[in-house]
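Here, each number is a calculation from the coordinates, and none is a lab measurement. Since we're looking at a predicted model, the values are computed, not measured. We place every Cβ from the backbone using ideal geometry, glycine too, and count neighbours over all the protein chains shown.
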């Protein structure tokens, strides 16, 4: 009886460890494109399976594969929205977003992009000139290029990461 319990516990522990290994990965932030939310050298934990059954939401911090580079970005626009970058701001379906988490007072660019099904518009939080390579440069990304969701960051203490606050129409 004890041997059966041990075998069952061993199998369950093995399944759990495989799940952890497959689902979660630790990355180190490199660069300043996500300042002030994430700083160079901080570690992040990414859940690689998070979007297997869920859709990315506005404000999610995601790891993106762009030309075989892993980039850390924030989801700003989601499927079927019209994203405009104009007048130093980001507009979603003609409603200006007030983003409290960004670095810089102005989002530079002049774009009007209609997102298709399973397309997302991602930006770095550092909106100062030439500080973030994001959808303003490479355009909308398909869901298949989103490698996972950032769920924790390590900057000396483990912290869960919350979405940014948005206000529309300002």
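Worth pointing out:
- The angle between the Cα long axis of helix 2-23 and the main principal axis of the chain comes to about 20°, on a 0 to 90 degree scale.
- Global geometry of the range 4-105, whether rounded, prolate or oblate, following the gyration tensor of its Cα atoms and the 1.5 cut on a/c: prolate
- Mean separation of Cα contacts under 8 Å (6+ apart) over length of the chain, as relative contact order %: 25
- Once both labels are positioned 7 Å from their Cα atoms along Cα-to-Cβ, the gap between residue 100 and residue 30 label points is 3.4 nm.
- With both labels modelled 7 Å from their Cα along Cα-to-Cβ, the residue 57 to residue 80 distance reads 1.8 nm.
- For the chain: rounded, prolate or oblate by the Cα gyration tensor [a/c cutoff 1.5]: prolate
- For the range 60-152: rounded, prolate or oblate by the Cα gyration tensor [a/c cutoff 1.5]: oblate
- Using a Förster distance of 30 Å, the FRET efficiency for residue 39-residue 88 (Cβ separation, nearest 0.05): 0.80
- Considering helices alone, the calculated mean residue ellipticity of the chain at 222 nm is -5000 deg cm²/dmol, with DSSP H runs of length four and up weighted by -39500 (n - 2.57) and normalised per residue.
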